[in-house]
Structure formats: structure tokens, C-alpha cells
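Student: My structure is below; once you've seen it, I'll send some questions.
Just so it is clear, none of the values below were taken in a lab; they were calculated from the coordinates. Every value quoted in this text rests on a predicted model; they were computed, and no experiment measured them. Reconstructed Cβ throughout: ideal geometry from the backbone, glycine too, with neighbour counts over all protein chains shown.
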Amino acid sequence: MTKPGEAKLSHLFQPGQIGKFKTKNLVKYGACCVSNYNGRDGTITPRELARVRVIAGTGCGMITNQGAYPDPLGEGKSYFRQVAIHDDKFLPQFETIARYIHDAGAVAFQQILHAGRYGGIDLGYCVQPSVVPQTLPHFRPPRELTKAQIKVVIEQHADAARRAIRAGFDGTEITSFMGYLLANFNSRFTNQRTDEYGGSVENRGRFMRELIDAIKQATPDNPLSVRLNGAELMDRWGGNTQDESFELMQQAVDCGVEMISVTVGWQEAPESSFGRDVEPGYWNFLSAKAKKMFPNVLVAFGNRLPDPAMANDCIREGVFDYWEVCRPLLADPELIHKAAEDRMEEVRPCIGSLNCLSRLFRDLPYTCTMNPMLGHEVEPEYHVTEAKEKKRIMVIGAGPAGMEAAITARKRGHTVTVFEKADKIGGNLAAYASNDLARPVDLHSVIDYYAVMAKKLGVEVRLNTEANAKFMRSVLHEYDVCIVAAGARTDMAVFRYLENSELLIDALEVAHGRVKPGKRVVMIGGGMIGLTISEFLAKAGHEVTVIEQEKRIGGDIMPTFKWRHTAWVDELGIQTVTLAHLIKVSKEGATVKTAKGEEKFIPCDSVIVSSPRKANHDLFYEFQWMVDELHGGGDATVPRGLDAAIHEGYRLGVRI
Amino acid sequence: MITTTETEQIFGDIALWQSMLDRQRELFVEMEAGSRIGFVSREASGILPGKRLEGVQVAVEVPMLAWQVENGGMSAMIERFAGMASTRVDLLLVADEEAVATMRNELGGNMLKTIKRLIRHGNIMFFVFKNKAQLQDAGYEDFLDSLGLAFLGSCR
């Protein structure tokens with residue numbers, strides 16, 4: 001029977017076919033990034049298998065297992081704990097993964113990932129077509145592949161493909177995303193060879209054509225997908241133009257691949273491809289171009305396309321054949337099922353924070369801001385199970401930590417009431433979302449999700465209710481558990497000894513829109529909050545100077561988004577003074593003292609304080625003798641960011 | 001043989017570069033003695049966008065503005081650049097004609113901010129010749145951060 005969402009999104013949920021394999025819908029789980037959950041030697045761990053089981057159950061018609069490196073030396077290995085597929089000893093676990101995917105009714109693909117320029121993580125060097133030095137210090141110095149080595153690499157890929165099919169996978173995928181070995185040969189930025197593998201587009205594509213031929217010969221009955229850049233975003237540095245990128249796609253099509261997966265950008269590209277500052281659908285034109293050029297080959301696409309409704313429209317309009325989706329499924333593995341059941345308002349949204357990638361570049365396993373369960377599937381303690389003893393829980397604060405704790409505890413059968421002093425939920429996140437220059441709608445969607453889930457699950461939310469000792473006395477013995485998730489505040493007390501300290505404005509008041517600062521603003525604190533408000537004010541025409549005690553601004557911002565803030569600071573003409581602190585304030589301006597001991601007067605109309613922050617944990621002391629169990633979570637314990645708030649809220653919810 | 005005139009035509013007065021580096025002294029205090037950063041002109045070196053990065057492999061002798069940490073500060077000097085394979089720098093910045101002219105004209109101002117902007121706009125390419133740990137150990141983190149360069153991977 002057709003589900004309501006399937007009828008609505010009839011193009012997305014129609015069956016498809018790749019090679020001889022039928023897919024139940026046109027959703028491809030993309031191998032967007034590796035998990036880093038595995039052994040240092042490439043063996044697949046129970047943690048990975050538990051995670052893959054969740055992926056298998058996402059409801060996608062086609063599932064691409066994360067990229068495995070194909071060579072025993074590890075020149076193709078890009079991530080600390082990446083999976084390997086260069087030996088038969090790995091077969092049993094790949095067999096398990098293929099079985100999980102098939103049991104869930106999906107077609108199983110295995111990606112083979114030789115990272116080239118970004119590889120060799122354990123070796124201290126990487127291999128490339130030519131010795132083009134790195135532009136990011138994270139990666140290793142290059143060595144040039146000889147022609148004999150190229151042949152070996154190609155044979156290793158063919159062996160890996162053969163092995164994947166033996167393990168039970170239906171097809172394989174090779175990838176240039178985002179700047180891996182295939183891309184290195186294709187791109188004139190990294191391919192400087194003067195032999196038959198370099199020079200013209202025809203020659204640069206030779207490695208790819210030989211790779212495709214070898215895999216096709218090794219696995220003649222199984223489809224092959226190739227991930228290729230529609231845009232490298234490296235053209236300013238001598239990389240391929242879009243026309244060249246599509247010429248290379250044409251070569252792959254001519255070699256007989258069954259699917260072209262269109263991607264965007266390199267890791268070292270100087271601009272965004274799928275961060276939160278990129279509008280969903282922005283890159284769809286690249287896929288549309290590919291589909292127009294190659295009408296007889298399947299085209300998959302999904303870069304910065306998190307919405308099933310948009311994907312459905314794209315399929316209807318011939319923009320692509322398969323919606324390739326990954327990060328939104330990290331945030332909510334139930335996304336496709338919820339779309340099928342027309343319950344999209346219940347989807348935990350992917351907000352494009354790129355926490356997943358920030359972690360990978362610290363050589364850590366990936367996690368997701370929105371999904372605290374990701375990476376913990378193997379641990380029973382993380383699963384939502386029915387509570388043995390049903391309790392009455394009060395949650396103080398309707399920010400992300402409090403709401404996450406509330407809905408998780410409610411799912412386990414507890415009775416939950418949230419008390420919020422404001423007239424709406426969201427806490428300070430709502431205020432900062434309103435000041436966000438990237439995409440406020442992404443951050444607001446987090447709050448909308450909690451509102452929907454609280455209502456659906458029957459969490460009572462009492463707004464305009466401030467929790468204090470008097471209030472606690474009025475509800476004494478009504479609750480078994482109290483969770484203090486009252487967030488953090490600006491620690492204005494630090495400045496109380498300054499003359500005229502009453503002139504200082506709390507950044508929270510500005511963020512909430514309760515105070516309008518003057519034209520010329522000094523912002524004390526250049527962390528995420530200070531910068532977000534400063535950028536918003538500068539864009540609105542204020543002249544802003546940021547004062548930061550540390551050496552650098554943005555110290556608490558994720559690496560994948562820090563560049564965006566520093567670029568905004570420059571573009572908006574925000575002045576910054578680092579290694580400095582406020583020593584005087586007056587109606588005329590602020591005086592700061594630098595690390596050298598110099599005093600500097602900055603004329604301004606308003607001095608806003610965003611740092612330091614202080615946890616709102618006063619309530620712990622107030623309540624400790626008034627309730628059986630008392631817990632704290634989120635910024636109310638230590639001021640941090642959104643991911644810590646959500647993750648702590650969840651951990652409280654699953655254990656009480 | 002590279003002449004002073006030839007060098008100054010590209011980079012301007014070397015004394016002004018030295019003054020600029022002296023003004024930014026704090027940025028380099030944590031850098032190890034011997035740490036080196038090079039600037040070459042994209043046009044002169046043959047490292048051209050849209051064509052081949054010939055300077056990567058083909059030895060072309062052109063002037064290179066080198067910054068070197070010595071005596072507790074950063075010194076500016078002119079050297080020969082004969083291709084990336086033989087250059088002895090930790091970080092190489094390759095500036096196009098517009099970038100070179102902009103830098104020459106803004107030597108009296110906040111040059112690092114100018115360089116950061118030129119990198120962001122694609123006028124200056126940069127290459128690293130040491131890995132993350134080596135650069136961290138050599139005290140490069142503040143300097144790279146001031147130029148807006150992602151110290152870690154920047155998949156975005």
C-alpha cells in the first residue's frame with residue numbers, strides 16, 4: 001500500500017534500476033565521508049557494523065558503503081581509521097555489510113577510495129600524478145607516481161572491486177570527491193605530467209579510462225558508478241574549468257559506466273561547496289547539465305540538497321535520476337521513512353554545521369551535532385529503552401539541552417514537564433539564530449523540531465515560568481527528578497569594578513533584540529557569540545570593533561566554519577584587537593589595554609559584552625535539598641556549543 | 001644573475017618590507033629560527049593559473065622575496081627561485097601581477113591583512129612544504145591563522 005508521503009513524492013519513491021539491479025526508490029545513500037570507527041589496520045569494528053546496520057535500514061534504494069582504500073601500503077588511506085579492502089582477510093566483514101544492506105531490500109555498492117593527494121596518512125607522504133606541493137598543512141608532501149606504479153594502482157582498484165563483488169556487493173564506485181587520486185589525474189592543477197597521462201584533457205583522463213576498463217573487466221556483470229566533479233572550485237588556482245570537468249564526464253560515459261555521481265569542490269578549494277552558508281539547491285545546475293549531456297546514463301546528485309521535496313522536484317524535472325544523500329541521514333536515519341509517511345516536520349534537520357568533517361580533520365571518529373546516537377549504536381546505554389521505573393521529571397530551560405533531555409526521557413515513558421521563563425522555547429539559540437548571517441532558517445529548524453516533538457510526545461511545556469527557590473517550594477514533591485538546563489549567561493560581574501560599568505550592554509540583550517546598540521560598537525569577546533552579533537550589526541550598518549583577550553578570534557568555532565567568520569570579519573570591515581582587555585568605559589568610548597601594556601581608546605556609542613560566559617548553575621545550589629535526583633546539562637554545566645548541549649541532553653534522557 | 005632593480009620592480013623596496021615585518025614582530029616570536037617563507041611572482045615563475053604550474057617542476061631563475069626568522073625577528077631578503085623542487089622554504093606564496101602590485105603599493109599599511117585578502121580572492125596561491133606537525137612545532141600556527149589559512153583540512 002502506498003504511504004501518504006510516497007504518493008506526494010511519487011517521483012522520488014518510484015522504483016529504479018542500475019544495471020540488472022532494481023532499486024525500490026531513487027534514493028542513493030552516498031558514501032559522503034568515512035566514519036573513522038575502524039581499526040588502524042583497516043579492519044571493520046563492531047562499532048562500524050552497528051552503524052552500517054542503521055544505514056542499511058534508512059530505506060534508501062541503493063546504499064554505498066563508505067570508501068575503502070585498495071592498497072596494502074596505505075598510500076590511498078586518507079583517514080586514521082579508514083576501512084581497507086586490499087586483502088581477502090577483510091572479506092567476512094564486507095560480507096556482513098552486504099548482507100545487512102540486502103536484508104533491508106537495498107542494492108549494495110562498495111566505494112573504492114584511493115585518496116591520492118590526501119592519502120598516506122600513516123606514511124608521511126602521499127602519491128600524486130605530479131609533485132604539486134600541498135596547500136593545506138593537514139596533508140602530506142607528495143611523491144610522483146611512475147608509470148609502473150600507475151599500473152599497480154589500477155590493478156589494486158580492480159582487485160578491490162573483484163573482492164567487493166565476491167563479498168556480495170552488487171556494484172562498485174570510484175571517486176574523485178573531493179580531490180582524491182582520480183581527481184588528481186583529471187585536474188590540471190595536480191597533473192603536470194608530460195607523458196601520456198598528462199597534458200591534454202584526453203591524456204589527463206587516461207588514468208580514469210584505464211581504471212574504468214580494469215574494473216569493468218574484473219566485474220563485467222556489475223554496475224560501476226564514478227563520482228566526478230561538476231566543478232572543482234580550483235579553477236582560480238589552475239584547476240579544471242567546468243567545461244573540462246564535463247569533458248571528463250563524457251570520457252567516463254564513453255567507457256560505459258552505469259552512473260555518474262556529480263560532486264562539487266575539493267577539500268582545499270577556496271570557497272564553500274556544502275557548508276551552511278550555501279543555499280540548498282545552489283549546485284543543482286551542475287547535475288542538470290550532466291543529465292542533459294548524458295541522457296542515457298544514470299546521474300546521481302545531492303551536494304547541499306537536504307530536502308526530499310526538492311529532490312522529488314529535481315527528479316521530475318530531469319535534473320538527476322538518483323538523489324544521493326548522506327549527511328541528512330547522519331542527522332536523522334529515519335528521514336526517508338518519515339518522508340514516505342509524510343512526517344517531514346518530525347525530521348531532525350541536518351543544519352550543515354559540518355561537525356562530521358571537523359572531527360575527521362582532527363583524526364577523530366565523526367559525530368553529528370543533531371544526532372547524539374551517531375557512532376554509539378553499538379552501545380546499549382545509548383539506546384532509547386523503556387524506563388524500568390517511570391519518573392516525574394521537571395526540566396528547567398527549553399533550550400536545546402533541556403528539550404533534547406525532555407523528548408528523550410518522554411520516549412522512555414517518563415512524565416516530563418519543561419519550565420521556561422521566556423514566552424517561547426529555544427533559549428539563547430533562538431536569539432543567536434536571528435543574528436546568523438549564514439542561514440538562520442537552519443538554526444531555527446532545530447527549535448521547530450523540538451516544538452513538534454514535544455507536542456507529539458506529550459511533553460508539557462510551561463512558558464513564562466521562572467524556576468527559583470520559591471517556585472520549587474510550590475511544586476515540592478511533585479517531581480522525582482530535576483534537570484537544570486538553564487543555559488549560560490554573560491558574566492557581567494567580571495566588569496563590576498570598572499567605573500561606569502552600568503554602560504556595558506549584555507550581548508544576550510542585543511541578541512534577543514531587547515537592546516538596540518548605537519552606531520559605533522565595541523564588542524568585548526571575539527568568540528562565536530561575539531562574532532555572530534558583530535557580523536549582524538556590521539551588516540546592518542554599525543561600525544564594529546571586536547576586542548579579544550586571546551591571540552586569535554573565533555577560538556570556539558568549528559574548523560570547517562571558522563574561515564567563514566574570519567572572511568565575514570574582513571568583508572564587513574570589522575576591526576579586531578587581539579590580546580587586549582577592557583579597562584575603561586565611558587559615554588565616549590572604551591579603553592583597552594594590550595598585551596604590551598599600551599592603552600588604546602576606541603570611540604564608540606555602545607560597549608557590548610559577549611565574554612566571558614558563565615554557567616547558570618546557581619539553581620543547583622538552590623535545589624539540591626528539594627528534589628530526589630538533580631542533574632545538569634548543556635551550558636548550565638559548562639558553556640560550550642550546540643552539539644554539547646544536544647548530546648548532553650540526550651545522554652541525560654537515556655539514563656534517567 | 002638577479003639584479004636589485006629587477007627585484008624592486010617586482011616587490012618594491014626591500015627596506016619597506018623589513019619595516020613591515022618589524023611592525024608585525026609579535027606574530028613571529030614563537031617561530032623557530034630558520035623558519036622561512038617565500039614569495040614569488042606568478043608571472044615570472046611560470047606558475048600560471050589556467051595553464052600548467054610549470055614552476056613546480058621547471059627550473060626558472062626568478063627573484064624570490066624570502067622572510068627568514070633570525071635574531072628573534074623576521075628578516076626580509078631577496079633570493080633566487082629556481083623551481084619548487086630546489087627551493088628551501090616552509091611556505092611559498094605565489095602572487096599574480098595584481099597581487100604583486102597591490103602589495104608593493106600597500107607596504108606601509110597592514111600588509112598581512114592585504115595578503116590575507118589576496119589569498120582569499122585567489123590572487124595569491126600558497127603551497128606548504130612541511131606537514132602540520134612540523135609547522136606547529138616551528139610555531140607557524142599564529143602566522144597561518146593571521147592569513148586566514150586553514151591549518152587543518154577545510155572541507156567545506
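Student: Tell me which residues come under 5 Å, amide H to amide H, from A:R613 once H is placed; ignore anything under 5 positions away on its chain.
Tutor: A:D491
Student: Also, I was wondering about something else. What nm value, rounded to one decimal, do you get for the distance between A:L364 and A:T385 when each label is placed 7 Å out toward the C-beta?
Tutor: My value for the distance between the label points is 2.7 nm.
Student: Another question, if that's okay. When the Cα atoms of the range B:4-146 are enclosed in a convex hull and the volume is divided per residue, what value in Å³ results? All intermediate terms of the calculation are to be shown ahead of the outcome.
Tutor: Numbers: hull volume 14.6 nm³, N = 143.
Considering the Cα atoms of the range B:4-146, their hull volume per residue is 102 Å³.
Student: Based on the Kirkwood radius over alpha-carbon pairs, what is the Stokes-Einstein translational diffusion coefficient of the range A:485-571 at 4 °C with 1.567 mPa s viscosity, in µm²/s?
Tutor: Working: Rh = 13.9 Å.
For the chosen part, D equals 93 µm²/s.
Student: Right, next: Residue by residue through A:325-333, how many Cβ atoms from other chains fall within 10 Å of the Cβ on average? It would help to have the intermediate numbers written out before the result.
Tutor: Numbers: counts 0, 0, 0, 0, 0, 0, 0, 0, 0.
Counting other chains' Cβ atoms within 10 Å and averaging over A:325-333 gives 0.
Student: Related question: Using Cβ contacts closer than 10 Å as the measure, can you line up B:M103, A:M558, A:M370 from fewest to most? Show your work: numbers first, answer last.
Tutor: Numbers: B:M103 24, A:M558 20, A:M370 27.
Fewest-to-most ranking of B:M103, A:M558, A:M370: A:M558, B:M103, A:M370.
Student: Once the Cβ-Cβ distance between A:D195 and B:E61 is put in as r, and R0 is 22 Å, what FRET efficiency do you end up with, to the nearest 0.05? Please report the intermediate quantities before stating the final value.
Tutor: Working: r = 26 Å, r/R0 = 1.18.
E between A:D195 and B:E61, to the nearest 0.05, is 0.25.
Student: May I pose another question? Which order results if A:D41, A:D71 are arranged by neighbouring Cβ count within 10 Å, fewest first? Working shown, then result.
Tutor: Details: A:D41 12, A:D71 21.
By the 10 Å Cβ count, ascending: A:D41, A:D71.
Student: Same structure again: Could you give each residue of the range A:37-51 its phi-based ³J(HN,Hα) in whole Hz, using Karplus coefficients 6.51, -1.76, 1.60 with θ = phi - 60°, and x for Gly or Pro?
Tutor: Ordered by residue, 3J(HN,Hα) equals 9, 9, x, 5, 8, x, 6, 7, 9, x, 4, 5, 4, 5, 5 Hz.
Student: Given the protein assembly as shown, what percent of its DSSP beta bridges are antiparallel, to the nearest 5? Walk me through the intermediate numbers first.
Tutor: Working: 37 of 108 bridges.
That works out to approximately 35 percent antiparallel.
Student: While we're here: Could you calculate the contour length gain from A:E478 to A:R552, that is, 0.36 nm times the residue separation minus the distance between their Cα atoms, to one decimal place in nm? Could you put the intermediate results ahead of the total?
Tutor: On the way: separation 74, 0.36 × 74 = 26.64 nm, distance 4.84 nm.
Length gained between A:E478 and A:R552: 21.8 nm.
Student: Of the options A:P295, A:W266, A:Y479, report the single residue whose Cα projects farthest towards the positive end of the charge dipole of chain A (beta-carbon charges: Lys, Arg +1; Asp, Glu -1).
Tutor: With unit charges placed on the Cβ atoms, the residue in question is A:Y479.
Student: Related question: Which parts of the range A:608-622 would a label at A:N468 reach, counting a residue when its backbone N lies under 18 Å from a point 7 Å out along Cα-to-Cβ?
Tutor: A:616-622
Student: Given H placed 1.01 Å from N in the peptide plane, which residues other than close sequence neighbours of A:Y322 have an amide H under 5 Å from its amide H?
Tutor: Those lying under 5 Å, H to H, from A:Y322 are A:V299, A:A300, A:F301.
Student: If I take R0 = 25 Å and measure r between the Cβ atoms of A:L572 and A:A493 in this structure, what FRET efficiency does the formula 1/(1 + (r/R0)^6) give, to the nearest 0.05? Write down the numbers at each step before the final one.
Tutor: Working: r = 31 Å, r/R0 = 1.23.
The pair A:L572/A:A493 has a calculated efficiency of 0.20.
Student: While we're here: If you put +1 on each Lys and Arg Cβ and -1 on each Asp and Glu Cβ, how big is the dipole of the protein assembly as shown around its Cα centre, in Debye rounded to 20? Write down the numbers at each step before the final one.
Tutor: Working: 94 positive and 103 negative charges, 253 e Å.
Taking the Cα centre of the protein assembly as shown as origin, the dipole is about 1220 debye.
Student: Between A:M626 and A:K584, what is the spin-label point distance in nm, taking each point 7 Å from the Cα along the Cα→C-beta axis?
Tutor: 4.5 nm
Student: Something else: What does the average come to when, for each residue of peptide A:233-243, you count the partner chain Cβ atoms lying within 10 Å of its Cβ? Walk me through the numbers before you get to the answer.
Tutor: Working: counts 0, 2, 3, 7, 8, 11, 2, 0, 1, 0, 0.
Mean inter-chain Cβ contacts per residue within 10 Å come to 3.
Student: For the range A:537-550, take each phi angle, set θ = phi - 60°, evaluate the Karplus expression 6.51 cos²θ - 1.76 cosθ + 1.60, and give the result in whole Hz per residue in order, putting x for glycine and proline.
Tutor: The phi angles translate into 5, 4, 5, 7, x, 6, 9, 10, 10, 9, 10, 10, 6, 7 Hz.
Student: Also, I was wondering about something else. Mind checking A:559-567 for the average number of partner chain beta-carbons within 10 Å of each residue's beta-carbon?
Tutor: Numbers: counts 7, 6, 2, 7, 6, 1, 0, 6, 4.
So the per-residue partner count for this stretch is 4.
Student: Starting from the amide H of A:Q134, placed 1.01 Å from N in the peptide plane, find each other amide H under 5 Å away whose residue is 5 or more places distant or on another chain.
Tutor: When sequence neighbours closer than 5 places are left aside, the close amide H contacts are B:V128.
Student: Please work out how much length the chain gains when fully extended from A:T2 to A:T45, using 0.36 nm per residue of separation minus the C-alpha to C-alpha distance, in nm with one decimal. The partial results should precede the final answer.
Tutor: Values: separation 43, 0.36 × 43 = 15.48 nm, distance 3.74 nm.
So the chain would gain 11.7 nm between A:T2 and A:T45.
Student: Ok, one more. What shape does the protein assembly as shown take by its C-alpha gyration tensor, where a ≥ b ≥ c are the square roots of the eigenvalues and a/c under 1.5 counts as rounded, a/b above b/c as prolate, and the rest as oblate?
Tutor: Details: a/c = 2.06, a/b = 1.07, b/c = 1.93.
Oblate.
Student: Any idea which of A:L330, A:A431, A:T594 is furthest toward the positive side of the dipole for the protein assembly as shown, if Lys and Arg beta-carbons carry +1 and Asp and Glu beta-carbons -1?
Tutor: Result: A:L330, furthest along the dipole toward the positive end.
Student: Could you give the dipole magnitude of the range A:514-592 about its Cα centre, charging the beta-carbon of Lys and Arg +1 and that of Asp and Glu -1, in debye to the nearest 20? Intermediate values should be presented prior to the final figure.
Tutor: Values: 11 positive and 8 negative charges, 52 e Å.
Once rounded to the nearest 20, the dipole reads 260 debye.
Student: Still on this structure, I have one more. Taking A:K391 as the anchor, which lysines have their alpha carbon closer than 28 Å to its alpha carbon, excluding any fewer than eight residues away along the same chain?
Tutor: The reachable lysines, counting only those whose Cα sits under 28 Å from A:K391, are A:K411, A:K421, A:K424, A:K455, A:K456, A:K470.
Student: Using a Förster radius of 30 Å, what is the FRET efficiency between A:K22 and A:E202 based on their Cβ-Cβ separation? Nearest 0.05, please. The partial results should precede the final answer.
Tutor: Working: r = 36 Å, r/R0 = 1.20.
FRET efficiency, A:K22 to A:E202: 0.25.
Student: Quickly work out the B:Q9-to-A:R343 label distance, labels modelled 7 Å from Cα along the C-beta direction, and quote it in nm with one decimal.
Tutor: With each label placed 7 Å out from Cα toward Cβ, I get 7.3 nm.
Student: Which peptide among A:610-620, A:108-118, A:459-469 comes first, and what is the full order, when sorted by highest mean count of other Cβ atoms within 10 Å?
Tutor: Numbers: A:610-620: 19.3, A:108-118: 27.8, A:459-469: 15.2.
Per-residue mean Cβ counts within 10 Å order the peptides as A:108-118, A:610-620, A:459-469.
Student: Per DSSP helix of 4 or more residues, -39500 (n - 2.57); summed, then divided by the residues of chain A. What does that give at 222 nm, rounded to the nearest 500?
Tutor: On the way: 22 runs with 216 residues, N = 656.
Computed ellipticity for chain A at 222 nm equals -9500 deg cm²/dmol.
Student: Let me ask you something else. Over chain A, what is the relative contact order in percent, taking alpha-carbon pairs closer than 8 angstrom and at least six residues apart? Before the final figure, lay out each step's value.
Tutor: On the way: 1511 pairs, mean separation 72.9, N = 656.
Relative contact order, chain A: 11 percent.
Student: Work out how much length A:R655 to A:D618 would gain on full extension: take 0.36 nm times their residue separation and subtract the Cα-Cα distance, in nm to one decimal. Walk me through the numbers on the way to the answer.
Tutor: Working: separation 37, 0.36 × 37 = 13.32 nm, distance 2.36 nm.
11.0 nm is the gain from fully extending A:R655 to A:D618.
Student: Also, quick follow-up: Karplus couplings for the range A:572-578 from phi (6.51 cos²θ - 1.76 cosθ + 1.60, θ = phi - 60°), rounded to Hz, Gly and Pro as x?
Tutor: Rounded to whole hertz, the list is 8, x, 6, 7, 10, 10, 9.
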